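Where a number appears in this text, it was derived from the coordinates with a stated rule and is not lab data. Nothing here was measured: the structure is a model prediction, and the numbers come from that model. FYI the Cβ positions are ideal-geometry reconstructions off the backbone, even for glycines, and counts take in every protein chain you see.
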Amino acid sequence: MSETSIKYTDMSVPQFELKAGTFTLPLLRLLGTDMAAMAQQLADKVEQAGHFFYHAPVVIDLKEIANAELDFPLLLNLMRGHSMIPVGVRGGTASQHDAAEAGGLAVLADSRPSRLENKPTITPLSPTPLPNKNSSTITTFTTLVTKPIRSGQRVYAQDGDLIVLGQVSSGAEIMADGNIHVYSVLRGRALAGLKGNSDARIFCLDLRAELISVAGHYRISENIDTQLGGRPVQIYLEERILRIDPL
């Protein structure tokens, strides 16, 4: 008589855990609903970005087209055709949210960029008045981060400059409406002039970034000269071209 081996499973051993988390996701901000123009412009942008959007989860921002009709199935097909992974929407109307959910997307809270748990120390400095062309003054604010910014963390300096005294790790993202100063290694993403300030600049002591951007003009790591690493540089716009110069 043969013996049968019976394997017992201990159902009390945890196999997973659910935790809250925050991730930096690319944002596709829609400004119109012309799908023909959208297809061409999206193809051009993805070609410029190389592999940056390959299998990248993307959130669709609907705030600018909240009162317009949008062909969600076609938009999602366009994005997936370029190897993007649309995961959710923010902003928009209830009917747009219904269409997004029908397409398998999440409806995300409409909020400005947040800071994660275990956030770095952020110190707002005194406002600095700057003269404008009409001899009046514009007040800007400087945000100071005294500790390194780790992977997965995001810091946004609204209406002013950002100063980071430590390194910015890969997978981290720093953003400012004004200039960005990193007094260490910049490995993550840095986006200056977030609201369109083309005079904004990025300064760092060692450029090894995944992405750099000034007023929406960007380069990814594959398009950054590796010989610029290990030395102080400044990044700025000149005639709508993003330039990187040693300091």
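Using θ = phi - 60° and the Karplus form 6.51 cos²θ - 1.76 cosθ + 1.60, what ³J(HN,Hα) does each residue of the range 225-242 get, whole Hz, x for Gly and Pro?
With the stated coefficients, the range 225-242 comes to 4, 5, 5, 7, x, x, 9, x, 9, 10, 10, 7, 9, 9, 6, 6, 10, 7 Hz.
For the range 41-110 and the range 156-198, what is the separation of their Cα centres, given in Å?
The distance from the Cα centre of the range 41-110 to that of the range 156-198 comes to 26 Å.
Explain nothing, just compute: Karplus ³J(HN,Hα) = 6.51 cos²θ - 1.76 cosθ + 1.60, θ = phi - 60°, for every residue of the range 29-41 in order, whole Hz, x for Gly and Pro.
8, 7, 10, x, 10, 6, 5, 5, 5, 4, 4, 5, 5
What are the residues whose amide H is under 5 Å from the amide H of Ala172, where those residues sit 5 or more places off or on another chain and H is modelled from the backbone?
Here Gly152, Gly188, Arg189 satisfy the definition.
Among Glu173, Glu239, Glu64, Glu210, which comes first, second and so on when ranked by fewest other beta-carbon atoms within 10 Å?
Least to most surrounded, the residues fall as Glu239, Glu64, Glu210, Glu173.
Can you sort Ile241, Ile65, Ile212 so the residue with the fewest Cβ neighbours within 10 Å comes first?
So the ranking, lowest neighbour count to highest, is Ile241, Ile65, Ile212.
What ranking do Ile235, Ile180, Ile224 get, fewest neighbouring Cβ atoms within 10 angstrom at the top?
Fewest to most other Cβ atoms nearby, the residues stand as Ile224, Ile235, Ile180.
Using amide H atoms built 1.01 Å from N in the peptide plane, name the residues 5+ places from Ile180, or on other chains, whose amide H lies under 5 Å from its own.
When sequence neighbours closer than 5 places are left aside, the close amide H contacts are Leu162, Arg201, Ile202, Phe203.
Non-local amide H neighbours of Arg29 (under 5 Å, H modeled in plane, Pro and chain starts lacking H): which ones?
Hits under the 5 Å cutoff: Asp61.
Spelling out what I want: for every residue of the range 93-106, take phi, set θ = phi - 60°, compute 6.51 cos²θ - 1.76 cosθ + 1.60 (Karplus), and round to whole Hz; glycine and proline get x.
9, 4, 5, 5, 5, 4, 5, 5, 5, 5, x, x, 9, 8
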